[in-house]
Amino acid sequence: MDIKSKIRDIPDFPKEGILFRDITTLLKDKEAFNKVINKFVSFYKDEGVQKVVGIESRGFIFGAPLAHQLNAGFVPIRKPGKLPSDVYEAKYELEYGTDTLAIHQDAISPGEKVLIVDDLLATGGTMSAAVDLIKQLGGTIVGIAFLIELAVLKGREKLNGQNILSLITY
């Protein structure tokens, strides 16, 4: 089964000129969803991953089952104001402004092996902020995994030096 064929293209969403890659069609297909998780597991099963970090919100969808399969803990990175304890925050650039991500200060111990997961690599701003947060906590990043990479936006360049896996590239 080709997992790329399970992703629906929606033209002009959320605004005219954008071709949106809708992953809900993949997620509702149990075989396709399981195949994605199993592909991620096959790449990272021997890396000694201790924590899987998922970025709000679709990174949670892939991160939690991946953490379970890797016998690792799961750590959410969220938007500001969503985590109840003390956090570190990192700002990042958007096309028109900035945004912020937060992680609990006690989420990762120094030296722990961390895998970061998100659904999409576009410009790399979100993941770059997540990398900064993991480094601030002293975690060792063993990999960064994406379902989809939009290569034309060159997000990989912002993450140079990181071990990046993208299952599908457009």
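Taking the Cα centre of the chain as reference, the dipole from Cβ charges on Lys and Arg (+1) and Asp and Glu (-1) amounts to some 320 debye. Taking the charge dipole of the stretch 39-169 about its Cα centre, with +1 at Lys and Arg Cβ atoms and -1 at Asp and Glu Cβ atoms, the residue from G143, Q105, V41 reaching farthest to the positive side is V41. Extension gain, Y170 to A64, is 35.6 nm, computed as 0.36 nm per intervening residue step minus the present C-alpha separation.
Spatial offset of the stretch 97-161 relative to the stretch 1-68 amounts to 16 Å, using the alpha carbon center of each. Taking a point 7 Å from the Cα of D106 along the Cα-to-Cβ direction, none of the residues of the stretch 127-158 has its backbone N closer than 15 Å to it. Extending 7 Å from Cα along the Cβ direction at N38 and again at D22 yields two label points whose distance is 2.7 nm.
Values quoted throughout were computed directly from the atomic coordinates according to the rules given, and no laboratory measurement underlies them. Everything numeric here is computed off the predicted structure, so don't read it as measured data. No Cβ is skipped: glycine too gets one built from the backbone with ideal geometry, and neighbour counts run over all protein chains shown.
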